[in-house]
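Q: What follows is a single structure, and I will ask about it in a moment.
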Amino acid sequence: MRRAKHRRGGRSPAPVLLAAPVPLAAIVLLAALVASAPAWADAAPGAAACSGCHGPAALSSAIPSLDGHAADEIVAQMHAFRSGERKATVMDRIARGFSEEETRAIAEWLAKPEAARHAQP
Amino acid sequence: MPSRRALIGGVAASVAAAVLAAPEVRAQTQPGVIVVGGGFAGASCARALKRMDRDLAVTLIEPEAAYLACPFSNAVIAGLRGIEAQTFSYDQFGSYDRFGDIALIRKRAVGVDAERRRVRLDDGTDIGYTRLVLAPGVDLRFDALPGYDEAASAIMPHAWKAGAQTLLLRDQLAAMPDGGVVILSVPPNPFRCPPGPYERASLIAHYLKTSKPRSKLIILDAKDAFSKQRLFEAAWQELYPGLIEWVPLSSGGRVTEVDPATRTLVTEFGNHQADVANVIPPQRAGAIAQSAGVADQTGWCPIDPVTFESRLQPAIHVIGDAAIGGAMPKSAFSANAQAKACAAAVAALVRERRPAQPKLINTCYSLVAPGYGISIAGVYQPRDGLLAEVEGAGGTSPLEAPLSVRELEAAYAQDWFRTITSEVFG
Ligand SMILES: Cc1cc2nc3c(=O)[nH]c(=O)nc-3n(C[C@H](O)[C@H](O)[C@H](O)COP(=O)(O)OP(=O)(O)OC[C@H]3O[C@@H](n4cnc5c(N)ncnc54)[C@H](O)[C@@H]3O)c2cc1C
């Protein structure tokens, strides 16, 4: 049940770091990485709980992954759950607990890159 | 030894700071957060803290080499699943974690000096913290039910902590002759996993129906109502007619004493003799909560619903089963959700920022039979100093639903378990 640990291919900036002097492109890349690191801290209220059920696509769960969805699409689905237009087992019950504004904030956060949200490689 | 990732983080930070000419001062002495207990709450919290602030020094204290998960342990008791599927090692902690290093200390915390902000370990050493998160889960009260102590639990298993107790109950059921009487005794609220005893009754009934059809299951309950009651009762009538007898408090269901020698359960209305007795005793927050002074006279820990900080001791936070969660049930899902909200608050507090108002979710699945699942869900937010349910949201699966919905919920239950354990331990 334990997955092998591996770093995402092509993303590791380590080889660049070892070269001196550090090229500007690498600096920009590193600055971006640093900026994205605390994404969990900025999670909209309620958003961090989603990953209890919705995992990365690689898990191939019957509960759909939220990876790679645009914010508008997530908002639309939450509307459909809330109105009952989209049939669900639990999401209809959960969607009703969030206001329009909260739903939008959660969707914006969920639409950020997967790397910011999931624990597993 | 710093991990490669931590090193990269450090270099990246200084490079970024230089480039942006915004010399954000990084604390020279790292603020240290200690998390006690590596269950659904504590392990989630340690990881979330690292994800939120990779420069935070995070230490997880957990004495066991592996975690044994309770969700789905009722399926183990019914012989539907092996205990390996419940077992998760801590190998991912302590060395490199994707979000940085979490120092793992394989010791038991035995005391907290809240004034000096130090945690004492069972080897006599102690370590300091800036903030402490306690997530010890529950302790079973071996002083609450006359006759039921640790020795009695070797004869009348509680199986309310996964592991040897789970297997003991499974083996007793397997050894019982057809026509036997199984008795399950349920404590008053609050206890870990409100629908848990009724899921267990359902799966034991499934086992009896398929393997020992002349047997009977009696539930002696200290309550008059329980979680997902109508769904459970409808399913019992449909799937296990005549097999389960539920005796509520008002009909004399409260067990007041047990005698392990004769496997007798005493109630105000008379004695019951069991071939297999599953006694779930009252519970309270894990012992470390009492010794840290964060548990009140109820045995549980009052907390601020925004930060999960103890109402009794500053700089100590309590999450998961040990905390008074208001309307939130004591579930693995709640523990994980609370852990992430608490981590956000702690990460903000150590950087002297204001914690945000959290919003939490819980979903609890129960299996009534293989391929037959039901659920309860809720959304929660701080209100009047507690975690309160957001009105209009949440609730249980529909009472009238085609089998396809029950099948879907059973599949979701399995996949929820896979996802959450992979987030917490994977
Ligand atoms: C039969 C059963 C079925 C269940 N089914 C479900 C379900 O389907 N869904 C669901 O969401 N929940 C379910 N639960 C509830 C779930 O198991 C608990 O709510 C959850 O485990 C709580 O997590 P926790 O981290 O607070 O405590 P725990 O999981 O108990 O973890 C506590 C950890 O702290 C450690 N610890 C304790 N004291 C110390 C100390 N002094 N020093 C260091 N470490 C310490 C322990 O070793 C342990 O690893 C079920 C429970 C049972 C009993």
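The values are calculated or read from the model by the stated rules, or taken from the named source; none is laboratory data. What you see is a predicted model; the values in this text were computed from it and never measured. Positions of Cβ are backbone-derived with ideal geometry, glycine not excepted, and every protein chain shown enters the neighbour counts.
Q: How about the stretch B:51-79: which of its residues are of a type in the set (D, E, K, R) and more than 15 Å from the ligand (Cβ to nearest atom)?
A: Listed by number, the residues that qualify are B:Arg51, B:Asp53, B:Arg54, B:Asp55.
Q: Hey, another quick one. With in contact (Cβ under 8 Å) with a residue 24 or more places away in the chain and more than 16 Å from the ligand (Cβ to nearest atom) as the only criterion, which of B:Ala144, B:Ala159 stands out?
A: B:Ala144
Q: So which residues in the stretch B:154-180 are under 30 Å from B:Ser310 (Cβ atoms) and assigned to a helix (DSSP H, G or I)?
A: Across the stretch B:154-180, the qualifying residue is only B:Gln165.
Q: Still on this structure, I have one more. Which residue pairs have Cβ atoms under 6 Å apart, sit 6 or more places apart or on different chains, and have a first residue in the stretch B:294-309 that is on the phi > 0 side of the Ramachandran plot and a second that is part of a loop (DSSP other than H, G, I, E, B)?
A: Matching pairs, first to second residue: B:Phe308/B:Ile319.
Q: Does B:Asp122 count as of a type in the set (D, E, K, R) and in contact with a Phe, Trp or Tyr (Cβ under 6 Å, 6 or more places away or on another chain)?
A: no
Q: A further question follows. Conditions: (1) in contact with a Phe, Trp or Tyr (Cβ under 8 Å, 6 or more places away or on another chain); (2) under 20 Å from B:Trp416 (Cβ atoms). B:Asn74 meets all but one. Number of the miss?
A: The number of the failed condition is (1).
Q: Output the residues belonging to the stretch B:246-267 that are farther than 15 Å from B:Phe226 by Cα and among the hydrophobic types (A, V, I, L, M, F, W, C).
A: Within the stretch B:246-267, B:Val255, B:Val258, B:Ala261, B:Leu265, B:Val266 qualify.
Q: From the list B:Ala347, B:Ala289, pick out the single residue that is in a helix (DSSP H, G or I), within 14 Å of the ligand (Cβ to nearest atom) and of a type in the set (A, V, I, L, M).
A: Result: B:Ala289 is the single residue among B:Ala347, B:Ala289 that is in a helix (DSSP H, G or I), within 14 Å of the ligand (Cβ to nearest atom) and of a type in the set (A, V, I, L, M).
Q: Let me confirm something: among B:Ala6, B:Ala103, which residue is modelled with pLDDT under 95, within 24 Å of the chain's Cα centre (by Cα) and among the small types (Gly, Ala, Ser)?
A: Among B:Ala6, B:Ala103, only B:Ala103 is modelled with pLDDT under 95, within 24 Å of the chain's Cα centre (by Cα) and among the small types (Gly, Ala, Ser).
Q: Please verify whether the stretch B:165-179 includes one or more residues that are of a type in the set (S, T, N, Q), touching a strand residue (DSSP E or B) at 6+ places or on another chain (Cβ under 8 Å), within 14 Å of chain A (Cβ to nearest Cβ) and in contact (Cβ under 8 Å) with a residue 24 or more places away in the chain.
A: Within the stretch B:165-179, not a single residue is of a type in the set (S, T, N, Q), touching a strand residue (DSSP E or B) at 6+ places or on another chain (Cβ under 8 Å), within 14 Å of chain A (Cβ to nearest Cβ) and in contact (Cβ under 8 Å) with a residue 24 or more places away in the chain.
Q: Further question on the same structure: In the stretch B:384-405, what residues are free of Cβ contacts under 8 Å to residues at least 60 places away in the same chain and surrounded by fewer than 21 Cβ atoms within 10 Å (Cβ to Cβ)?
A: If the condition is that a residue be free of Cβ contacts under 8 Å to residues at least 60 places away in the same chain and surrounded by fewer than 21 Cβ atoms within 10 Å (Cβ to Cβ), then B:Asp384, B:Glu391, B:Gly392, B:Ala393, B:Gly395, B:Pro398, B:Glu400, B:Ala401, B:Pro402, B:Leu403, B:Ser404, B:Val405 are the ones that fit.
Q: Can you give me the number of residues within the stretch B:30-69 that are away from chain A (no Cβ under 14 Å), in contact with a strand residue (DSSP E or B) (Cβ under 8 Å, 6 or more places away or on another chain) and surrounded by fewer than 24 Cβ atoms within 10 Å (Cβ to Cβ)?
A: So the count comes out to 5.
Q: Turning to a different aspect of this structure: Looking at (1) within 22 Å of B:Glu257 (Cβ to Cβ); (2) of a type in the set (D, E, K, R); (3) part of a helix (DSSP H, G or I), find the lone condition where B:Asp139 falls short.
A: Going through (1) within 22 Å of B:Glu257 (Cβ to Cβ); (2) of a type in the set (D, E, K, R); (3) part of a helix (DSSP H, G or I) one by one, B:Asp139 breaks only (3).
Q: Search the stretch B:368-426 for residues being acidic (Asp, Glu) and more than 10 Å from chain A (Cβ to nearest Cβ), and hand back the single one that is nearest to A:Ala47 (Cα to Cα).
A: Among them, the one singled out is B:Asp384.
Here's the yes/no breakdown for (1) touching a Leu at 6+ places or on another chain (Cβ under 7 Å); (2) within 20 Å of B:Gly82 (Cα to Cα):
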site	(1), (2)
B:Ala164	no, yes
B:Leu168	no, yes
B:Gln172	no, yes
B:Lys223	yes, no
B:Pro241	no, no
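Q: For the stretch B:349-364, which positions are within 11 Å of B:Met328 (Cβ to Cβ) and free of Cβ contacts under 8 Å to residues at least 40 places away in the same chain?
A: Across the stretch B:349-364, the qualifying residues are B:Leu360, B:Ile361, B:Asn362.
Q: Can you tell me which residues in the stretch B:195-214 are surrounded by 17 or more Cβ atoms within 10 Å (Cβ to Cβ), part of a loop (DSSP other than H, G, I, E, B) and without any contact (Cβ under 8 Å) to a residue 60 or more places away in the chain?
A: B:Lys212
Q: Sticking with this structure for a sec: Only one residue in B:Asp321, B:Asp304 is near the ligand (Cβ under 10 Å from one of its atoms), out of contact with any Pro (no Cβ under 6 Å at 6 or more places or on another chain), modelled with pLDDT of 95 or more and acidic (Asp, Glu), so which one is that?
A: Only one candidate passes the filter, namely B:Asp321.
Q: Would you mind telling me which numbered condition in (1) at pLDDT below 50; (2) surrounded by 17 or more Cβ atoms within 10 Å (Cβ to Cβ) A:Ala19 fails?
A: Result: A:Ala19 passes all but (2).
Q: Of all residues in the stretch B:258-304, count the ones that are of a type in the set (Ser, Thr, Tyr), under 27 Å from B:Lys330 (Cβ atoms) and either surrounded by fewer than 18 Cβ atoms within 10 Å (Cβ to Cβ) or out of contact with any Leu (no Cβ under 9 Å at 6 or more places or on another chain) (or both).
A: Residues flagged as of a type in the set (Ser, Thr, Tyr), under 27 Å from B:Lys330 (Cβ atoms) and either surrounded by fewer than 18 Cβ atoms within 10 Å (Cβ to Cβ) or out of contact with any Leu (no Cβ under 9 Å at 6 or more places or on another chain) (or both) within the stretch B:258-304 amount to 2.
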